[in-house]
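Some notes on the structure that comes next.
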Amino acid sequence: MKDLEPIDLEGIDANSPLIIAGPCSAETEEQLLCTAKELASNGIKIFRAGIWKPRTKPGGFEGVGAPGLQWMKEVKETTGMLTATEVATKQHVEEALAAGIDILWIGARTSANPFAMQEIADTLKASGAKVPVLIKNPVNPDLELWIGAIQRIYNAGIRKIGAIHRGFSTYGKHLYRNMPQWHIPIELRLRYPNLPIICDPSHIGGKRELIAPLSQQALDMGFNGLIIESHCNPDNAWSDASQQVTPEILNFILNTLVIRDSKTTTESLTLLRQQIDQIDNELLETLSKRMRVSREIGQYKKEHRMPVIQATRYNDVIRTRVDLGKEMGMDANFLKTILLAIHDESVRQQIEVLNDRTR
Ligand code: PEP
Ligand code: MN
């Protein structure tokens, strides 16, 4: 994909991060226009809104569909902003192109599905359109599937392509709605240095408070833009209410972000990575030391005919460590996950010692 072209859009400074903002969904004509006008007056140049909404479960608001495209046209005419929407089927692509949508994006549930991706690619190819297409990472942390989705769009003749990092689904409740797993977009960057990557802090964080820190982190890592959900009345949004901010708050957030000089960013990033490498080595050494001690305990228990698992000790270990870790500013769920994994492995090691007839 060496001949990818920059996403240079009319009226948009190609040297600054690409900023796309707008509501999760188009709900009503009033909501769309009111949000768009406020965003435009805060300097936003590209407006996003979902017309067709892929919802995890049936019964929720699934988007207004084609009538919303007319509202997007109105947004364009009255504010001069460019418009972007999500497409997932042949019909979506055809209708969005016919309505003059300027940028298409492909959602995380769609990029995980090669059949849907091929259908979209075939429709784009048949239309001969040269519209920029942004491809969100699939819901699951599978870099190859993400790259495959991007390649299908590339093979359809589209050259203005961007990737959107929106985090990855996991089971259970966590600080983030979708785990950032930054190493995945970084690996994508290393493989395709000329592919712009845009961060979607709204869907990674799932909450307003996380938009600013995630956006800053993305810029520090050299991401090329941000796509952020903004709604004129976020608390009453019909989808993703807790992660949307008013255009005014969005403006405040964008003004707090520091766009660092890319050279100094790379230098400080290298230094930080060296620290991470060092810390990881220490973690691994500590873990292996812990496993060796566990095996010693296994040997002791074997000689004294003691059971491997002692429930009170097990509960104490988890509880005291979780409390301690919380005091150090870490998340309780994360601590539980990691401590249970370490404990399970210790038990496995002890059982191995117990069954080893040579000791
Ligand atoms: C969205 O952008 O509103 C959306 C549905 O996002 P995702 O595909 O990342 O879940
Ligand atoms: Mn959303």
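Entry note, the chain: relative contact order of 14 percent, from Cα contacts under 8 Å with a spacing of 6+ residues.
Residue-wise HN-Hα couplings along segment 113-128, as the Karplus relation 6.51 cos²θ - 1.76 cosθ + 1.60 with θ = phi - 60° gives them from phi, are 10, x, 5, 5, 4, 5, 4, 5, 4, 4, 5, 5, 4, 4, 6, x Hz; Gly and Pro carry x. Once the chain from H183 to K125 is taken as fully extended at 0.36 nm per residue, the excess over their C-alpha distance is 17.7 nm. Positive end of the dipole of the chain (Cβ unit charges, origin at the Cα centre): among L219, I338, A98, the Cα lying farthest that way belongs to I338.
Distance from the C-alpha centroid of segment 299-319 to that of segment 97-174: 51 Å, rounded to the whole angstrom.
If R₀ is 25 angstrom, what is the calculated FRET efficiency for the pair E62 and S169, using the beta carbon separation as r and rounding to 0.05?
FRET efficiency, E62 to S169: 0.80.
For segment 265-354, the solvent-accessible area works out to 74 Å² per residue, with a probe of 1.4 Å and every protein chain left in place.
When both bridge partners sit in segment 18-261, DSSP labels roughly 5% of those beta bridges antiparallel. Applying a threshold of 20 Å to the alpha-carbon distances of K173/K336; K73/K136; K302/K336; K73/K160 flags K73/K136; K302/K336; K73/K160 as lying beyond it.
With the full set of protein chains in place, find how many percent of the accessible area of segment 18-261 is carbon and sulfur; take the probe as 1.4 Å. Answer for segment 18-261: carbon and sulfur cover 55 percent of the accessible area.
Basic side chains Lys and Arg get +1 at the Cβ, acidic Asp and Glu get -1 at the Cβ, and with that the dipole of the chain about its Cα centre reaches some 1440 debye.
The residue list L354, I147, A66 was ranked by how far each Cα lies along the charge dipole of the chain toward its positive end, using unit charges on Cβ atoms, and L354 comes out on top. Modelled spin-label separation between L287 and E30, with each label point placed 7 Å from Cα along the Cα-to-Cβ direction: 5.6 nm. With θ taken as phi - 60° and the Karplus curve 6.51 cos²θ - 1.76 cosθ + 1.60 applied, the whole-hertz 3J(HN,Hα) list for segment 16-21 is 9, x, 6, 10, 10, 9 Hz, x standing for glycine and proline.
The helix-based estimate of mean residue ellipticity at 222 nm for the chain, built from -39,500 (n - 2.57) per DSSP H run of four or more residues and divided by its residue count, is -16500 deg cm²/dmol to the nearest 500.
The simple spin-label model puts a point 7 Å past each Cα toward its Cβ; for A311 and R159 those points are separated by 6.9 nm.
In order along segment 240-251, the Karplus-derived 3J(HN,Hα) couplings, from 6.51 cos²θ - 1.76 cosθ + 1.60 at θ = phi - 60°, round to 6, 4, 6, 10, 9, 10, 5, x, 5, 5, 4, 4 Hz, and Gly and Pro are given as x.
The values are calculated or read from the model by the stated rules, or taken from the named source; none is laboratory data. No experiment lies behind these values; they were computed from the predicted model shown. Cβ sites come from the backbone with ideal geometry, for glycine too, and all protein chains shown count toward neighbours. With ligands, DNA and RNA removed, areas are computed over all heavy atoms of the protein, side chains included. Shrake-Rupley method; radii C 1.70, N 1.55, O 1.52, S 1.80 Å.
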